[in-house]
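Comments concern the structure below.
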Amino acid sequence: MTVHERFMKQALGLARKGAGRVSPNPLVGAVVVRDGAVVGAGYHRCFGGPHAEVHALRQAGDRARGADIYVTLEPCAHTGKTPPCADALIQAGVGRVFVGMGDPNPLVSGRGIKKLEAAGIPVESGILEKDCRRLNESFLKYITTGMPFVVMKAATTLDGRIATRTGNSKWITCPESRSFAHRLRFEADAVMVGSGTLLADDPELTVRLGRKASKQPQRVIVDGRLRIPLTSRVLQPDFASGTMIVTSPDKAATPKAHKIMAAGAQVLAVPQKNGHIDMRKLLRKLAASGIASVLIEGGAELSASALACGAVDKVCIFYAPKLIGGRQAVGMLGGEGCARIAEAVRIVDIRLRRIKDDILLEGYIEKKHSR
């Protein structure tokens, strides 16, 4: 590992601390280095707050003049909720800027680097670029396509079951895996389930990590027939304001839909396609409201629908060392499935990790299946 990569890795570690708090902005970390030592460090801590470079420069103070700064993403050159970071670097008199990756946001997209170079500050980019891109995979898809980054999560036995023949599913995985799953919720802008999961489990869909005033994701219930009971937990006073019920246009105009809205929840009308809510239209509407990442938690039919239309980008599958068996047990995926093995969705760039007795598989949908 080169010296530049070592300092960029430190900046990446800082950037990850903002996960779950800065969306739809990107995760960014920065370190100021003088004479081979870090004299200032910072990261983007919350949406609307100072950017990473500003925090790092404040910590460095006068030591920033003539120093190097490593930043995971190209410094911005426009005024948004905060002033341009490129201007702050110029005013601080930094000597050199090392950038992990360019910012694809049309408001930036090379302008930050050009501004720094025009001020006589050398810029080197592309340091640990692959790591920087993976760190901001949600932001990159959202800003370049107008669609959220979609992660499909499942907890299953080794024989691919997510529930027994009686519908019992608590608990397949260990407490440590469930805690990790709550971290996934925390980092997502929205958590999505189908009406079947809601009817079977009546979940709260909240983040429970032991933090005070923990940020909660938008709860999205895909319910084309509007079967949700008005007594559901997600419609109770403590949860309704963060709940969105997605249903067909005809159901969205019914008295039941008005009762749901009176409880404080949103009702979003989305057309159907082949008898199901059109997932791509739904995701585009969510992105238009500022949702850059979605965690699909089930059930089997919703996950299958999202995969079938090419909406899923990444999978996180927790495998527990258990076997349920039974023809009537619930499988991880519903729908019709593929007719031929050659049509199967392929998972690539796979990473495995042990979580106590469970195994977490993380991987990405092979691009040829994205439509």
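The values are calculated or read from the model by the stated rules, or taken from the named source; none is laboratory data. Predicted model, so just to flag it, every value in this text is computed and none were measured. All Cβ positions, glycine included, derive from the backbone under ideal geometry; neighbour counts span all protein chains shown. Side chains are part of the model used for accessible areas, which takes the heavy atoms of the whole protein and leaves out ligands, DNA and RNA. Shrake-Rupley method; radii C 1.70, N 1.55, O 1.52, S 1.80 Å.
If a residue has to be open to solvent by less than 30 Å² (accessible area, probe 1.4 Å) and among the polar types (S, T, N, Q) to count, how many in the range 170-179 make the cut? Residues flagged as open to solvent by less than 30 Å² (accessible area, probe 1.4 Å) and among the polar types (S, T, N, Q) within the range 170-179 amount to 2. Identify, please: which residue in the range 180-214 is of a type in the set (Lys, Arg) and part of a loop (DSSP other than H, G, I, E, B) and is, among those, least open to solvent (accessible area, probe 1.4 Å)? For the range 180-214, the residue satisfying everything is Arg211. Scanning the range 21-51 for residues that are part of a strand (DSSP E or B), crowded, with 16+ Cβ neighbours inside 10 Å and of a type in the set (Gly, Ala, Ser) yields Gly29, Ala30, Gly40, Ala41, Gly42. Of the residues making up the range 327-340, just one is in a loop (DSSP other than H, G, I, E, B), of a type in the set (Gly, Ala, Ser) and either touching a Leu at 6+ places or on another chain (Cβ under 6 Å) or within 15 Å of Asn168 (Cα to Cα) (or both), namely Ala329.
Look through the range 327-357, keep the residues that are modelled with pLDDT of 90 or more and at positive phi, and return whichever of them is most open to solvent (accessible area, probe 1.4 Å). Ranking the qualifying residues of the range 327-357, first place goes to Lys356. In this entry, Val54 is excluded by the filter for residues that are crowded, with 17+ Cβ neighbours inside 10 Å, within 21 Å of Leu128 (Cβ to Cβ), in contact (Cβ under 8 Å) with a residue 24 or more places away in the chain and of a type outside the set (Phe, Trp, Tyr). On the stretch given as the range 278-326, residues that are assigned to a strand (DSSP E or B) and modelled with pLDDT of 95 or more total 11. Look at Gly110 and say whether it is more than 30 Å from Met244 (Cα to Cα), of a type in the set (Gly, Ala, Ser) and modelled with pLDDT under 95. Answer is yes for this residue.
Among the residues of the range 109-164, which ones are part of a loop (DSSP other than H, G, I, E, B), surrounded by 15 or more Cβ atoms within 10 Å (Cβ to Cβ) and touching a helix residue (DSSP H, G or I) at 6+ places or on another chain (Cβ under 6 Å)? Residues satisfying the conditions are Ile127, Leu128, Met147, Pro148.
Check the range 135-150 and report whether any residue there is among the small types (Gly, Ala, Ser), within 11 Å of the chain's Cα centre (by Cα) and more than 21 Å from Asp238 (Cα to Cα). The answer is yes; a qualifying residue exists. Once the range 57-108 is narrowed to residues that are over 21 Å from Gln10 (Cα atoms) and hydroxyl-bearing (Ser, Thr, Tyr), the residue that is least open to solvent (accessible area, probe 1.4 Å) is Thr82. Each residue in the range 84-108 was checked for being acidic (Asp, Glu) and not in a helix (DSSP H, G or I), and 1 pass.
Assess whether Arg284 counts as being open to solvent by 40 Å² or more (accessible area, probe 1.4 Å) and in contact (Cβ under 8 Å) with a residue 60 or more places away in the chain.
Spelling it out, Arg284 is indeed open to solvent by 40 Å² or more (accessible area, probe 1.4 Å) and in contact (Cβ under 8 Å) with a residue 60 or more places away in the chain.
Summed over the range 215-260, the residues that are open to solvent by 80 Å² or more (accessible area, probe 1.4 Å) and part of a helix (DSSP H, G or I) give a count of 5.
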